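Undergrad: Provided herewith is a single structure, encoded as structure tokens, for subsequent inquiry.
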Amino acid sequence: MSMIMSETAPIQDSNTPAGMLEGDLVKSARKGDLDAYDELVKRYQERIYATVYHMTSNHEDANDIAQEAFIKAFQALKSFRGGSSFYTWLYRIAVNKTINFLKQRRNKNHFSLNDLDFNAEHDPDLVALISDKTPHREIGLSELQKKLNEALMQLSEPHRMVVVLHDVQGQSHEEIAEIMDCNIGTVRSRLFYARQQLQGYLAEYAKPA
Amino acid sequence: MNEKQKQNNFEDLKQLLKLKRHEIPPPGYFNNFSGQVVSRIRAGEAGGARTFMERLEVEAPWAVSFLRIFETRPGVIGAFATSVCLLLVSVVVFSERADKAAKAQLAISEETAPVGSPMASMTSPAFVAASDSTGIVASTNPVTSLQPVATLFGQPGSSSLFQQANFAPASH
């Protein structure tokens, strides 16, 4: 049993970047240590990419923006005072980059959606939603995915961002307020309004029981 | 629609939004992501100085945000350009008016000054002519008042260097 444990969960050496704490990695990266920064990128790349992707509904754009956000964060590391966590600060950079990008690209939405993973077909909530709640029972998951992305793109950038961060990525109101540099009340009201709007766009797919 | 129904709606919506979590990038996409970021950082460092906009973005993000307003809202460019033009025109008009007012004030002071006063004698044409002939300009400035004015042919008073050329035909 212990052998299995040691195989599946290797002991992290605190001298290697992979075993270092976030604060130490940030300190090293500020001194120009790219190995430390590489580790920071690895830790947050999936979440940052996902946020940008859900905002743009375009894989190529998300790839560019996410990379640029990490590059900008490295260049601006000296201005990072540590008032918030590195994660929140990084998120803020990515969110601002994404919103600026979307403002420039306004009315030129071009979808490049990622594939759904295998688990989607077996998600009981989604299966129930398709088989029981929708009047168009023949609708497939990929069509539902397209409709969902179209509906999200109808929202304004701040409203879409709140929905993505809260309902898709599961961030708390407090975290979102810090990332978006607004108060919690604003986050709550934006979330409520965004959900109402989405409800309208997706009425036939999310009807009450 | 009552609140309970709304809540129920949002529950359905939240379930629907869960579909977004199943959207995943191509397999192996994240294997090289951090490597690409680091190599782009290295390339930027090797490339030397960043562009002006890149430096501005890092050092003064507010300025970049301000400039981006112009990109996203073309109407603002027009309004900004118009206000700059108006500002320029108003500055020109104001400066011309100020000049006229100063001249008018000078004229009034010349008229009201007594004839024998030093002020009047300094501004009188005779005084100007006298100063021209000596090459010394009288001024209230104590430093320059004694400075001779350079003339086209050298320093004033150096006219003795030049001899008058008189042409007298030889008498035979």
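Undergrad: How far apart, in nm, are two points set 7 Å out from the Cα along the Cα-to-Cβ line at residue A:80 and at residue B:96?
TA: Output for this residue pair reads 5.8 nm.
Undergrad: Let me ask something else about it. Per residue, what volume in Å³ does the convex hull of the Cα atoms of the stretch A:14-107 enclose?
TA: 89
Undergrad: What is the sum of charges around residue B:14, taking Lys and Arg as +1, Asp and Glu as -1, for the other residues whose C-beta is under 10 Å from the C-beta of residue B:14? All intermediate terms of the calculation are to be shown ahead of the outcome.
TA: Working: positive: A:195, B:18; negative: A:125, A:167, B:11, B:12.
Charge balance in the 10 Å sphere: -2.
Undergrad: While we're looking at this one, here's another question. Work out the mean other chain Cβ neighbour count within 10 Å for the residues of B:98-109 and drop it here as an integer. Numbers along the way, then the final one.
TA: Numbers: counts 0, 0, 0, 0, 0, 0, 0, 0, 0, 0, 0, 0.
Mean shielding count: 0.
Undergrad: Take peptide B:35-45, look around each residue's Cβ out to 10 angstrom, count Cβ atoms belonging to other protein chains, and average those counts. Could you put the intermediate results ahead of the total?
TA: On the way: counts 3, 5, 15, 8, 1, 5, 10, 1, 1, 3, 4.
For this peptide, the per-residue mean of nearby foreign Cβ atoms is 5.
Undergrad: On to the next question. Output wanted: per-residue J couplings in Hz (rounded whole) for the stretch A:85-97, from phi through Karplus 6.51 cos²θ - 1.76 cosθ + 1.60, θ = phi - 60°, x for Gly and Pro.
TA: Using θ = phi - 60°, the values come out as 6, 4, 4, 5, 4, 5, 4, 4, 4, 5, 5, 5, 4 Hz.
Undergrad: Taking the Cα centre of the stretch A:14-107 as origin, work out the dipole magnitude from +1 charges on Lys and Arg Cβ and -1 charges on Asp and Glu Cβ, in debye rounded to 20.
TA: Values: 14 positive and 11 negative charges, 107 e Å.
That gives a dipole near 520 debye.
Undergrad: Filter the cross-link list A:72/B:20; A:78/A:103; A:72/A:97; A:103/B:18; A:147/B:18; A:42/A:103 down to pairs whose alpha-carbon distance in this structure exceeds 18 Å.
TA: A:72/B:20; A:78/A:103; A:103/B:18; A:42/A:103
Undergrad: Another one. Counting protein heavy atoms only and a 1.4 angstrom probe, how many square angstrom of accessible surface do chains A and B bury in total, to the nearest 100?
TA: 4700
Undergrad: Report the label-to-label distance for residue A:117 and residue A:182 in nanometres (one decimal), using points 7 Å from each Cα along the Cα→Cβ vector.
TA: A separation of 3.0 nm, rounded to one decimal place.
Undergrad: Now, a different point. When Cβ neighbours within 10 Å are restricted to other protein chains, what is their mean count per residue of peptide A:67-73?
TA: 4
The values are calculated or read from the model by the stated rules, or taken from the named source; none is laboratory data. Keep in mind the model is a prediction, meaning the values are calculated, not measured. For neighbour counting, all protein chains shown are included, and Cβ atoms are generated from backbone atoms with ideal geometry for every residue, glycine included. Just the protein is used for accessible areas: all its heavy atoms, side chains included, with ligands, DNA and RNA removed. Shrake-Rupley method; radii C 1.70, N 1.55, O 1.52, S 1.80 Å.
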